[in-house]
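Engineer: Starting off with a structure, shown below.
What follows is calculated from the coordinates using simple rules that are stated; it is not laboratory data. Nothing here was measured: the structure is a model prediction, and the numbers come from that model. Here the Cβ is made from the backbone with ideal geometry for all residues, glycine too, and neighbour counts use every protein chain on show.
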């Protein structure tokens, strides 16, 4: 399904959701940061926010409940943007928090709805800007980690989170 750059927000949302779910991610649409915090609190007893998530979503960070277990099983991180064409989310965490994202059992990515871009070409231009501004390791995350051993058996969660849940925050 090709997505035109001038697509309406609802078309971008629909295309993104369809692709992300095909890749094994769950996509939730929520109207506000407050609603996202309530959904998280209902879904899990403990979660940790990365430092960048706490800066971008302070009300959500205030609701975070994390024990002293390292690493946290449930981690919330911000997505810089989402890509409708591929169902991917751009993650740009500093070194200290990047590891949390990969070691989490469930990774919750929060993306403002207005930050859904239509194509991979647009996404690559956005990543180029992130790198030019000093980001050393931006990446596109597309669903939970999957790997196949030499017997071609798919295993989920070996090189990253077992589950990726994407909250698209805002109205379309």
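Engineer: Computed FRET efficiency, Cβ-Cβ of residue 131 and residue 96, R0 25 Å: what is it to the nearest 0.05?
Structural biologist: 0.85
Engineer: Now for a separate question. Percentage of Cα-Cα pair distances in segment 9-169 greater than 24 Å, rounded to whole percent?
Structural biologist: I get 31 percent for the Cα pairs in segment 9-169 exceeding 24 Å.
Engineer: What does the highest-first list of 81-88, 131-138, 16-23 look like by mean Cβ count within 10 Å?
Structural biologist: Ranking, from highest mean packing down: 81-88, 16-23, 131-138.
Engineer: Still on this structure, I have one more. Can you give me the relative contact order of segment 9-169 as a percent, contacts being Cα pairs under 8 Å and 6 or more apart?
Structural biologist: 30 percent
Engineer: Shifting gears a bit: Given R₀ = 30 Å, FRET efficiency for residue 14-residue 121 by Cβ-Cβ distance, to 0.05?
Structural biologist: 0.95
Engineer: Rounded to the nearest 0.05, what FRET efficiency do residue 44 and residue 22 have when you use their Cβ-Cβ distance and R0 = 25 Å?
Structural biologist: Here the calculated transfer efficiency is 0.55.
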